[in-house]
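The values are calculated or read from the model by the stated rules, or taken from the named source; none is laboratory data. These numbers come from a predicted model, not from an experiment. Cβ sites come from the backbone with ideal geometry, for glycine too, and all protein chains shown count toward neighbours.
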Amino acid sequence: MKRSRKFKRDLNLIPMINIIFLLLIFFMLTGVVQKKNNFNVERPQSINSKIEKNEDFKTFIILIKSSNKIFFEDKEVDYEFLKSKFENYNDEYKIVLEVDKNLPVQNFTEILSILKKNKFNKVFVRSVKIDDN
């Protein structure tokens, strides 16, 4: 009796896996990654970023401390003074509000309502830490 030889054929997958990894590396290195389209965003300008030499505008600086003390042109004033002061000014003026970051919102909105009532369109707000001395 002759014994038939059965050859067991195993598929060796290691060379195929090597080729797949080499192709993957090749395409990763030679491929071009497209950049996403960026949206054009118009950022607001800050008065602190550049100083304009525009003589058409007069600037008023109002400093408001967290203790609700208001300073206008380095003098302590109250809300009534601001109401009467800004009645005669027009749109050619700009206001810079330097507000203590701990100021209650109600006090801040009261000043903004005074400015809005007198039709000021150029109001800039700068939040700062002010020592209450």
Please verify whether ASP91 is modelled with pLDDT under 80, part of a loop (DSSP other than H, G, I, E, B) and surrounded by 10 or more Cβ atoms within 10 Å (Cβ to Cβ), treating the condition exactly as stated.
yes
Give the residue that is nearest to LEU103 (Cα to Cα), with candidates limited to residues of segment 60-80 that are within 28 Å of the chain's Cα centre (by Cα) and β-branched (Val, Ile, Thr).
ILE64
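Here's the yes/no breakdown for (1) in a loop (DSSP other than H, G, I, E, B); (2) of a type in the set (S, T, N, Q):
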{"position": "ILE61", "(1), (2)": "no, no"}
{"position": "SER67", "(1), (2)": "yes, yes"}
{"position": "PHE71", "(1), (2)": "no, no"}
{"position": "GLU76", "(1), (2)": "no, no"}
{"position": "PHE81", "(1), (2)": "no, no"}
{"position": "SER84", "(1), (2)": "no, yes"}
{"position": "GLU87", "(1), (2)": "no, no"}
{"position": "GLU98", "(1), (2)": "no, no"}
{"position": "GLN106", "(1), (2)": "no, yes"}
